[in-house]
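First the structure, in the form of structure tokens, and then the observations on it.
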Amino acid sequence: MELHTVSWLDPLRSASPSSSTYKLGIGNWMKIIESECLPGKTIAQMNLQTQRMLGQQGTAEFNGLHVDALQIGQINEMRQGPEIRRKNNCIVNMGGKLTREEVERRRKEHRAKFEVAEDVWTSIVLPRPDNSLVLLDRKREEMKCLAKELGDVVAHIAAIEQTESLDQVTGTKRPHE
């Protein structure tokens, strides 16, 4: 059995929600968190990204399946028709809630159609961060940059407001940037 090492150059094998759900199964959020392959990601973030990859809002019919979510997303992107409703480019269910039986039927269908062979997904090696302190330092650096950017935006808004105040006092009309 050949081991596939995760590479940033290969989107299916990179440390991404796509590769982690491909290996550990869609909806297995705690396994993904425990694998530490997506440090700092919340269940909500992973679920939303999975919805985007699948191209549909409902994920229950894929829970536990080892599938290429991007492939399914491409198929869903092609689906058209008056019965297809989208929200943020994801297909949404406009009917009632699916019954347990319908979810299971769809899961069985998806397993037969999309699930990859076990030897493929078990051979994927997800990367783990070498040092959580490095991640923490990166997040702190990112926060500093965002704080500076926010300060620049606030200063720009204050300058615009000050100009507008002066214009009201003097009765001057200037075009805004």
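Tabulated values for the structure
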{"quantity": "Residue in the stretch 68-85 that is touching a His at 6+ places or on another chain (Cβ under 9 Å) and either surrounded by fewer than 16 Cβ atoms within 10 Å (Cβ to Cβ) or of a type in the set (Asp, Glu) (or both) present", "calculated": "no"}
{"quantity": "Those residues of the stretch 72-109 which are over 21 Å from the mean Cα position of the chain (by Cα) and in a helix (DSSP H, G or I), in sequence order", "calculated": "Arg100, Glu101, Glu102, Val103, Glu104, Arg105, Arg106, Arg107, Lys108, Glu109"}
{"quantity": "Of all residues in the stretch 93-139 being open to solvent by 100 Å² or more (accessible area, probe 1.4 Å) and modelled with pLDDT under 85, the one that is nearest to Glu34 (Cα to Cα)", "calculated": "Arg128"}
{"quantity": "Count - residues of the stretch 18-70 that are farther than 24 Å from Val92 by Cβ, free of Cβ contacts under 8 Å to residues at least 40 places away in the same chain and basic (Lys, Arg)", "calculated": "1"}
{"quantity": "Which numbered condition Leu150 misses (of (1) in contact (Cβ under 8 Å) with a residue 60 or more places away in the chain; (2) more than 24 Å from the chain's Cα centre (by Cα); (3) surrounded by 10 or more Cβ atoms within 10 Å (Cβ to Cβ))", "calculated": "(1)"}
{"quantity": "Among (1) open to solvent by 20 Å² or more (accessible area, probe 1.4 Å); (2) more than 10 Å from the chain's Cα centre (by Cα); (3) closer than 22 Å to Arg106 by Cα, the one test that Gly40 misses", "calculated": "(3)"}
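The values are calculated or read from the model by the stated rules, or taken from the named source; none is laboratory data. Not measured: the values here are computed from a predicted model. Cβ: placed from backbone, ideal geometry, glycine included. Neighbour counts: every protein chain shown. Just the protein is used for accessible areas: all its heavy atoms, side chains included, with ligands, DNA and RNA removed. Shrake-Rupley method; radii C 1.70, N 1.55, O 1.52, S 1.80 Å.
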